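Report on one structure; see the data block that follows.
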Amino acid sequence: MRMTLDERVRSAVAALLYATGESQTELAAALGVSQAQVSRRQSGTAAWSLADCDAVAAHYGIDPLDLLAGPTRATETLPAQRRRVPGRGLRPATARGGGAR
């Protein structure tokens, strides 16, 4: 069964959070929304709007169409400097800030 567009975006955002070691709290701050709003969008109780998708893509330095394409494309196009270093844990800001994943 194919993923819906909503599922694809939620999966892509989750994959980007994981790939960067960023928390929902950090993403929310970058987008100018609350962590609870990001959580609702990620759980599917609220939808990511097209404006949200533009903002998320800009935050991660990827094309919005790559975000809409799903987690594989979104993480493949993530700039290398945005990725956390494997085996070295999370970026220092994430380790300090905590927050939900």
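The values are calculated or read from the model by the stated rules, or taken from the named source; none is laboratory data. Treat the numbers as computed from the prediction; the structure is a model and nothing was measured. So basically every Cβ, Gly included, is an ideal-geometry build from the backbone, and we count neighbours across all protein chains shown. Note: accessible area is taken over every heavy atom of the protein model, side chains too, but ligands, DNA and RNA are not part of it. Shrake-Rupley method; radii C 1.70, N 1.55, O 1.52, S 1.80 Å.
Key figures
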| item | result |
| --- | --- |
| Residue in region 29-52 that is in contact with a Lys or Arg (Cβ under 9 Å, 6 or more places away or on another chain), open to solvent by 40 Å² or more (accessible area, probe 1.4 Å) and closer than 20 Å to Arg84 by Cβ present | no |
| When residues of region 28-74 are limited to those that are touching a Pro at 6+ places or on another chain (Cβ under 6 Å) and not small (Gly, Ala, Ser), the one farthest from Leu17 (Cα to Cα) | Asp54 |
| Restricting region 71-94 to residues that are modelled with pLDDT of 95 or more and surrounded by fewer than 18 Cβ atoms within 10 Å (Cβ to Cβ), the residue that is nearest to Ala30 (Cα to Cα) | Pro79 |
| Contacts under 6 angstrom Cβ, first residue in region 12-35 being on the phi > 0 side of the Ramachandran plot, partner outside any helix (DSSP H, G or I) and surrounded by fewer than 21 Cβ atoms within 10 Å (Cβ to Cβ), 6 or more apart | Gly21/Arg84; Gly21/Leu90; Gly21/Arg91 |
| Residues within region 45-71 that are within 12 Å of the chain's Cα centre (by Cα) and among the β-branched types (Val, Ile, Thr), tallied | 2 |
